[in-house]
Amino acid sequence: MAPLAEPIRAVLFDLDGVLVDTYEAWFGLVRATARHFGAPEVSRSAFAASWGQSVEDDARELVPGPSAREVAEHYGEHFREHVAEVRADPEARRVLDDLRRRGLGRACVTNSPTSVAREILRAAGLEGLLDEVVGAGDAANPKPAPDLIEVALGRLAVPAEAAVMVGDSRFDEQAAEAAGVRYVHYDTRARGSLARTLGRVLEGAEEVGS
């Protein structure tokens, strides 16, 4: 992998599927939300195809009927009923600790509602290791638009060329490209190594957190 033109000053992480495995938690919540609003049952295949998309897309495709705001509010009110399914990536804590020791900015950039994202991070024991949490409602448009990434960069005071976005979906990749941020793919459910994945893009680090 070619070296970056400018040293990395910040790492942006998607939440679901990267820092934490919340797949079953979200599947349970989306199914329960659809039942609550009288929408058709959400199948596993439909949920898999939607993974990583925005609440607005959920409201159109998975929970037709209520507004996106109503769906987001239901998510926020009921995610705690599924929080036992949240699993932190086994290397997330030491990776975030190491990035902090290196003086690098750390932000979570997610299409999940910000309140839900913070609840997930608290459950995983990761919230205090991030400088910023940017979620749905913090910008006009969700990923794949660049807006959420741009908000995170602004809060961290880091230019796009000095940041890396770590994501697991096409929405993350497209948002990073639109924002001019380098994209690195990582999926916690694939049982890879977050430390080695980041080590390949950070100068002088074979493995982050070692």
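Against the chain, whose longest principal axis comes from its Cα atoms, helix 92-101 is set at around 40 degrees. On C-alpha positions alone, give me the angle between the axis of helix 170-179 and the longest principal axis of the chain, in degrees, nearest 10. The angle comes out near 50 degrees. Largest GNM mean-square fluctuation among VAL11, VAL166, VAL42, using the chain with Cα springs under 10 Å: VAL42. Over all directions, the projected convex hull of the C-alpha atoms in the chain averages 10.6 nm² in area. Note on GLU177 and ARG101: their simple-model spin labels are 3.6 nm apart, each label 7 Å out from Cα toward Cβ. Looking at the chain alone, DSSP beta bridges between its own residues are antiparallel in about 10 percent of cases. Computed extension length for ARG60-ALA32: 8.5 nm, one decimal, from 0.36 nm per residue of separation with the Cα-Cα distance subtracted.
The calculated pair-distance distribution of region 125-210 uses every alpha carbon pair, bins of 10 angstrom beginning at 0, and gives 17, 45, 35, 4 percent. Note on region 47-142: Kirkwood hydrodynamic radius from all Cα pairs is 14.5 Å, rounded to one decimal.
Take every Cα pair under 8 Å whose residues are at least 6 apart in sequence, average their separation, divide by the length of region 23-85, and the relative contact order is 43 percent.
Compared with the rule-of-thumb size 2.2 N^0.38 Å for a compact globular protein, region 23-85 has a Cα radius of gyration ratio of 0.98. For the chain, the longest principal axis of the C-alpha atoms and the axis of helix 68-78 are separated by about 80°.
Full extension from ARG69 to ARG196: what is 0.36 nm times the residue separation minus their Cα-Cα distance, to one decimal in nm?
Details: separation 127, 0.36 × 127 = 45.72 nm, distance 3.84 nm.
Full extension of this stretch gives 41.9 nm more.
A short reminder: the numbers here are calculations on the coordinates, not readings from a lab. The structure displayed is predicted, hence computed values, not measured ones. Cβ atoms come from the backbone with ideal geometry, glycine included; neighbour counts cover every protein chain shown.
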